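The values are calculated or read from the model by the stated rules, or taken from the named source; none is laboratory data. Bear in mind that the values here come from a model prediction, so they are computed numbers and not experimental data. Please note: Cβ atoms are built from the backbone with ideal geometry, for glycine as well, and neighbour counts cover all protein chains shown.
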Amino acid sequence: MAEQVRQMSVTENLHNVLADIATAEKEAGRSPGSVTLVAVSKTYDGPAIAPVISAGQRVFGENRVQEAQGKWPELRAMADDIELHLIGPLQSNKAAEAVALFDVIETVDREKIARALANEMKKQDRHPKLYIQVNTGLEPQKAGVEPDALLAFVKKCRDDFGLSIEGLMCIPPVDENPGPHFALLRKLAEEAGIDHLSMGMSADFPIAVAFGATSVRVGSAIFGKRDYPAA
Ligand SMILES: *Cc1c(COP(=O)(O)O)cnc(C)c1O
């Protein structure tokens, strides 16, 4: 019974988030469907995620390679067009697993990772899309390339490692107005000739849509408050 109640509300949450995205697209004068919802399922187990797949959601985000490996092979069997994004920090010793499991890796942020990914992609002949994480708030505890170093890093990824970089991702400081961070990410993407902008979470995704996000990463507004934070 409790399970059924939870499933109903999760589906309702999903539809509410999709409706909010549609409203934000419209208000920003953007075409319907121009923003992709990445449903962030970190910390939630298979039975909690399955109803969201059944409700039609296909794009999901996870922040830990090992956690994702434990649940997604089985969940993927529910639909053949699931797209899985890695949105958490990647260690180079996990590059092989990440390339094998994910369709989009949003957290490329240093040369060592870029090189490891390039090697694995060649070896496995599997080519997940790559985004670079940018530390727009220059926070010491946060991953990401500093804005000033971005253009050189993109060039290195392209020229030295033969990687095509398709997007930028940022996580603004929690206690700041996110707008300027979203604007900065968009400006950097324009300068680097990059099309995709992954920005906006449960608290601020409509603002991110107004600033040009092409995907928003929404967890707790769909699945509920997490029992423990997963940074
Ligand atoms: C957890 C997480 C999200 C989702 O956060 P919510 O506030 O639950 O929507 C988005 N992006 C990243 C990188 C995350 O780790």
Quick check on segment 84-96. Is at least one of its residues under 20 Å from LYS225 (Cβ atoms), touching a strand residue (DSSP E or B) at 6+ places or on another chain (Cβ under 8 Å) and not basic (Lys, Arg)?
yes
Checklist (1) surrounded by fewer than 23 Cβ atoms within 10 Å (Cβ to Cβ); (2) touching a Leu at 6+ places or on another chain (Cβ under 9 Å); (3) among the small types (Gly, Ala, Ser) applied to GLY179, failing item
(2)
From the list PRO173, PRO128, which one is at pLDDT 95 or above and more than 22 Å from ALA96 (Cβ to Cβ)?
PRO173
Can you pull out the residues in segment 97-144 that are over 19 Å from the mean Cα position of the chain (by Cα), over 30 Å from VAL174 (Cα atoms) and among the aliphatic types (A, V, I, L, M)?
ALA116, ALA118, MET121
Just to be sure I understand, how many residues within segment 203-229 are in contact (Cβ under 8 Å) with a residue 60 or more places away in the chain, under 19 Å from LEU37 (Cβ atoms), within 14 Å of the ligand (Cβ to nearest atom) and in a loop (DSSP other than H, G, I, E, B)?
4
Of residues in segment 147-172 being of a type outside the set (A, V, I, L, M, F, W, C) and in contact with a Ser or Thr (Cβ under 9 Å, 6 or more places away or on another chain), the one farthest from ALA116 (Cα to Cα):
PRO172
